[in-house]
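Below is one structure, written out as structure tokens; comments come after it.
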Amino acid sequence: MPAPGVPDPPPRGSITLEGVARRYVVGETTVTAIEAVDLVVEPGEFVVILGPSGSGKTTLLNLIGALDSPTDGRVVVGGRDITSASRRELYAFRRHTVGFIFQTFNLFPGLTALENVEFGADIAGREDPREAAQRTLDRVGLGDRLEHFPHELSGGEQQRVAIARAVATGAPVLLADEPTGELDFRTGVQILELLREQAADGRTVLVVTHNREIARVADRVIELSSGRLVGDGPPAGGPAAIDDLHW
Ligand SMILES: Nc1ncnc2c1ncn2[C@@H]1O[C@H](COP(=O)(O)OP(=O)(O)O)[C@@H](O)[C@H]1O
Ligand SMILES: [Mg+2]
């Protein structure tokens, strides 16, 4: 029990950005990828980051996942300021706190589905990585594909393996950059359903897309334009059932 008057520690998956900017100097010019972003996201939220190509979506995700550092401002995840952390602390942060999911899946081609997920769980220091991998692949509907190599799986199945790999690490935050970009409509919808389940399980889930239709499934849409946050709230017209999507 914490002493009276001492606040509870923030949940491991809470995210706070304060005045965050990221600028790149290219030759004589400065490119502003992200400017003056303030944001709070809590565990259990299923958030879509929406914006056209070049609006700063990937930059924002990389700043939250400690793959990049802001030029200005603070990024706080799970109560710790990752902008003032040492390289060693950031290494631990990436291992234990964030799971990344990419448009092109990024699976190891020479490892089976089970080995890909086990590897992720192992790096994250899970006690029984094989068991965690099996359980998570079951959970994403791939319990009968454990021994398949990536090239023996469909695009949707490969993305399921990538989600399982991120989830099996035990990370409280999942960051997905255009995770349905390579998939057909039906398969993309299944992937979104799976990501929504992860938020329902208490994880913090941020999904990047340039597709306004996808944004309709989120509880909350954060809209970027030229690196600035220009919208934050439920999707226009209210949340849509996943069955009602068209793209
Ligand atoms: N390493 C970099 N060097 C210079 N400019 C960059 C770099 N990374 C991204 N940018 C620029 O920052 C802006 C935002 O890029 P990005 O975050 O990738 O956008 P999005 O993911 O929304 O397409 C773009 O104008 C892009 O050209
Ligand atoms: Mg991008």
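The values are calculated or read from the model by the stated rules, or taken from the named source; none is laboratory data. On a predicted model such as this, the values are computed, not experimentally measured, just so you know. Cβ placement follows ideal geometry from the backbone for every residue including glycine, while neighbour counts extend to all protein chains displayed. Each accessible area value is taken on the protein alone, full model and side chains, heavy atoms only, with ligands, DNA and RNA left out. Shrake-Rupley method; radii C 1.70, N 1.55, O 1.52, S 1.80 Å.
Residue 238 passes every criterion in (1) open to solvent by less than 40 Å² (accessible area, probe 1.4 Å); (2) at pLDDT 85 or above; (3) farther than 27 Å from residue 142 by Cα apart from (2).
Condition check ((1) closer than 21 Å to residue 191 by Cβ; (2) in a helix (DSSP H, G or I)) across all residues:
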site: 75; (1), (2): no, no
site: 106; (1), (2): yes, no
site: 117; (1), (2): yes, yes
site: 147; (1), (2): no, no
site: 166; (1), (2): yes, yes
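Going by what's in this entry, would residue 171 be described as touching a Ser or Thr at 6+ places or on another chain (Cβ under 8 Å), touching a residue at least 24 places away in the same chain (Cβ under 8 Å), part of a loop (DSSP other than H, G, I, E, B) and within 27 Å of residue 130 (Cα to Cα)? So residue 171 fits the description; yes. State yes or no: is residue 207 free of Cβ contacts under 8 Å to residues at least 24 places away in the same chain and either under 14 Å from the mean Cα position of the chain (by Cα) or not in a loop (DSSP other than H, G, I, E, B) (or both)? Taking the combined requirement at face value, the residue does not satisfy it. Taking the conditions exactly as written (under 13 Å from the mean Cα position of the chain (by Cα), modelled with pLDDT of 95 or more and not in a helix (DSSP H, G or I)), does residue 43 satisfy them or not? Yes: the conditions hold for residue 43. The lone criterion from (1) touching a Phe, Trp or Tyr at 6+ places or on another chain (Cβ under 6 Å); (2) closer than 27 Å to residue 162 by Cβ; (3) within 16 Å of ligand 2 (Cβ to nearest atom) left unmet by residue 37 is number (1). Do we have any residue at all in the range 120-136 that's open to solvent by 30 Å² or more (accessible area, probe 1.4 Å), among the β-branched types (Val, Ile, Thr) and more than 16 Å from ligand 2 (Cβ to nearest atom)? Checked the range 120-136: at least one residue is open to solvent by 30 Å² or more (accessible area, probe 1.4 Å), among the β-branched types (Val, Ile, Thr) and more than 16 Å from ligand 2 (Cβ to nearest atom). Can you confirm whether the range 194-206 contains a residue that is within 16 Å of ligand 2 (Cβ to nearest atom) and either under 20 Å from residue 106 (Cβ atoms) or aliphatic (A, V, I, L, M) (or both)? Scanning the range 194-206 turns up at least one residue that is within 16 Å of ligand 2 (Cβ to nearest atom) and either under 20 Å from residue 106 (Cβ atoms) or aliphatic (A, V, I, L, M) (or both).
Suppose the filter is of a type in the set (Val, Ile, Thr), surrounded by fewer than 22 Cβ atoms within 10 Å (Cβ to Cβ) and not in a loop (DSSP other than H, G, I, E, B); does residue 32 pass it?
It is true that residue 32 is of a type in the set (Val, Ile, Thr), surrounded by fewer than 22 Cβ atoms within 10 Å (Cβ to Cβ) and not in a loop (DSSP other than H, G, I, E, B).
Of all residues in the range 140-167, those that are free of Cβ contacts under 8 Å to residues at least 60 places away in the same chain have Cβ atoms under 8 Å from Cβ atoms of residues that are open to solvent by 50 Å² or more (accessible area, probe 1.4 Å) and assigned to a helix (DSSP H, G or I), 6 or more apart or on another chain, in 143/134; 146/134; 156/190; 164/139.
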